[in-house]
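Q: Structure below; questions to follow.
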Amino acid sequence: MKNTRSNRLKHFIRTLKYILKNPLTYIWILILIIIAIATIVVFKTETQTESGIETMFDSVWFTLVAVFAAYFDYCVKSVPGRMSALILLVFGMLLFGAVTGKLASYFTDLQIKKNKGLRKLRTMKGHFLLCGWRPGFEKILDSVLNSNPDITPDMIVMVNDAADQVEQLRSDSRFKELNYVAGDFADEATLMRAQITTAERALVICDKAKQYSDLEIDSRTVLAVLTMENINPGIYIAAELIDAKFQKHLELAHCDEIILTQDYEHSLLATASSGMGYSNVIRALISDDADTGIIIENIPSTFVGKTYGEYQASVEKNNKENEVLVGLLLNTGNFHQRRKDALREAQKNPDIKQIVSDLKKVKTLKSNQPLLTPSKDFVIQKNTKAILVRG
């Protein structure tokens, strides 16, 4: 308590010293003194005339109206009174201009900071962070919005060092409502300005806002994921890598999805070389359209504990959207946080053998593990989703 009061006192003293050292402080004091003298002159001279000013209150009221409204509520008669009134009018105009200029400058500065991503965002919850920038960024944004109908532009927060490109991007009416935070997305302070603590999902793409090497890009991606998971363990993170050798680092950082761009490109080129049309099939399956291609859907809770065959029969029976069930996606959602909870629960078990068994079982599980065409008797567990192909 004493430390708090001492800090407040020190802060007050520092603020007072700054005010006293500022030349503008003395200019404002001089203006107030001149206005006070002019008010007294009006009172002393006009009480002897028929101007209507009879008390000090009348003189103060005359000053307030002259300064703030540039209007004379009384018609002064004496020469000193008129000179004082003119001084009040001039200083009122100066004072009004200074105040309005200061306010305009303040709001303009706020808007500039907002456009350049230098302000902390308003309180947000459940938003989506898109970290990094590279050429063709607007296509990524389009794909994100098309693939996630539940996400609107005002729910997306871009975090990168490409302020000029983002400003140009936001001139497009489609992206006008996007939020932007400028800075290094691997830096904790930048992420806090982006409201990382309440974000629901994050996508980290290979950042080419500056002349980074491939090694630097992947290193920054790993550092960003580590920082995000440390601040908000409940966030779902998907990250893009150039080199597969960093995959293990992201797995240790509890990244939920890892995209190996170059590996995918090489695989696509290899399949295209067979001349069988694989690339066209893959393009159709991973369409940006959220309603066609590969669809991941929640499985009703009533099927948890039942077999894959039972669920497959239900899908075929109720099929109304021309879709085919092709498999299951295991351990979905924020799996790594659940795994930590499971480990904590396993350690509370008094049976040592059971503890070892549970720990081994939990440690071998992988996040978002696809299981295509499982056997009919495969039992559906919690946090499992269905993989469908929809035409």
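Q: Within region 229-268, track down each residue that is modelled with pLDDT under 90, more than 27 Å from residue 192 (Cβ to Cβ) and aliphatic (A, V, I, L, M).
A: Answer for region 229-268, where residues must be modelled with pLDDT under 90, more than 27 Å from residue 192 (Cβ to Cβ) and aliphatic (A, V, I, L, M): 244, 260, 268.
Q: Can you tell me which residue within region 152-189, out of those that are among the β-branched types (Val, Ile, Thr) and open to solvent by less than 10 Å² (accessible area, probe 1.4 Å), is farthest from residue 286 (Cα to Cα)?
A: 181
Q: Here is a list of conditions, (1) surrounded by 15 or more Cβ atoms within 10 Å (Cβ to Cβ); (2) in contact with a Phe, Trp or Tyr (Cβ under 8 Å, 6 or more places away or on another chain); (3) not polar (S, T, N, Q), and residue 81 meets all of them except one; can you say which number that is?
A: Evaluating residue 81 over (1) surrounded by 15 or more Cβ atoms within 10 Å (Cβ to Cβ); (2) in contact with a Phe, Trp or Tyr (Cβ under 8 Å, 6 or more places away or on another chain); (3) not polar (S, T, N, Q) leaves (2) as the failure.
Q: Need the failing condition index for residue 110 against (1) free of Cβ contacts under 8 Å to residues at least 24 places away in the same chain; (2) in a loop (DSSP other than H, G, I, E, B); (3) touching a Lys or Arg at 6+ places or on another chain (Cβ under 9 Å), just the number.
A: All conditions pass for residue 110, except number (2).
Q: Might you check whether a residue that is farther than 16 Å from residue 368 by Cβ, among the β-branched types (Val, Ile, Thr) and out of contact with any helix residue (DSSP H, G or I) (no Cβ under 7 Å at 6 or more places or on another chain) occurs anywhere in region 226-248?
A: no
Q: Considering only region 116-157, how many residues are touching a strand residue (DSSP E or B) at 6+ places or on another chain (Cβ under 8 Å) and among the polar types (S, T, N, Q)?
A: Total satisfying the criteria: 1.
Q: Which of the residues that make up region 269-280 are modelled with pLDDT under 80 and not hydroxyl-bearing (Ser, Thr, Tyr)? I'd like the intermediate steps shown before the answer.
A: To start, the set of residues in region 269-280 that are modelled with pLDDT under 80 comprises 269-279.
Across region 269-280, the qualifying residues are 269, 270, 272, 275, 276, 277.
Q: Name the single residue, out of those in region 284-308 being farther than 19 Å from residue 140 by Cα and in a loop (DSSP other than H, G, I, E, B), that is most open to solvent (accessible area, probe 1.4 Å).
A: The residue in question is 306.
Q: Would you confirm whether or not region 90-99 contains a residue that is open to solvent by less than 80 Å² (accessible area, probe 1.4 Å) and in contact (Cβ under 8 Å) with a residue 40 or more places away in the chain?
A: Yes: one or more hits.
Q: Let me ask something additional. Could you tell me whether region 201-211 includes any residue that is under 17 Å from the mean Cα position of the chain (by Cα), open to solvent by 40 Å² or more (accessible area, probe 1.4 Å) and either touching a residue at least 12 places away in the same chain (Cβ under 8 Å) or at positive phi (or both)?
A: Scanning region 201-211 turns up at least one residue that is under 17 Å from the mean Cα position of the chain (by Cα), open to solvent by 40 Å² or more (accessible area, probe 1.4 Å) and either touching a residue at least 12 places away in the same chain (Cβ under 8 Å) or at positive phi (or both).
Q: Applying the selection to region 255-283, what residues are small (Gly, Ala, Ser), loosely packed, with under 13 Cβ neighbours inside 10 Å and part of a helix (DSSP H, G or I)? Reasoning before the result, please.
A: As a first pass, look at region 255-283 and keep what is small (Gly, Ala, Ser): 267, 270, 272-275, 277, 279.
Cutting the leftovers down to loosely packed, with under 13 Cβ neighbours inside 10 Å gives us 270, 273-275, 277.
Matches in region 255-283: 270 only.
Q: With without any contact (Cβ under 8 Å) to a residue 40 or more places away in the chain, surrounded by fewer than 17 Cβ atoms within 10 Å (Cβ to Cβ) and of a type outside the set (S, T, N, Q) as the only criterion, which of 241, 252 stands out?
A: Of 241, 252, the one residue that is without any contact (Cβ under 8 Å) to a residue 40 or more places away in the chain, surrounded by fewer than 17 Cβ atoms within 10 Å (Cβ to Cβ) and of a type outside the set (S, T, N, Q) is 252.
The values are calculated or read from the model by the stated rules, or taken from the named source; none is laboratory data. Since the structure is predicted, the reported quantities are computational estimates derived from the model, not experimental observations. Glycine also receives a Cβ, built like all others from the backbone with ideal geometry; neighbour counts cover every protein chain displayed. These area figures cover heavy atoms from the full protein model, side chains too; ligands, DNA and RNA do not enter into them. Shrake-Rupley method; radii C 1.70, N 1.55, O 1.52, S 1.80 Å.
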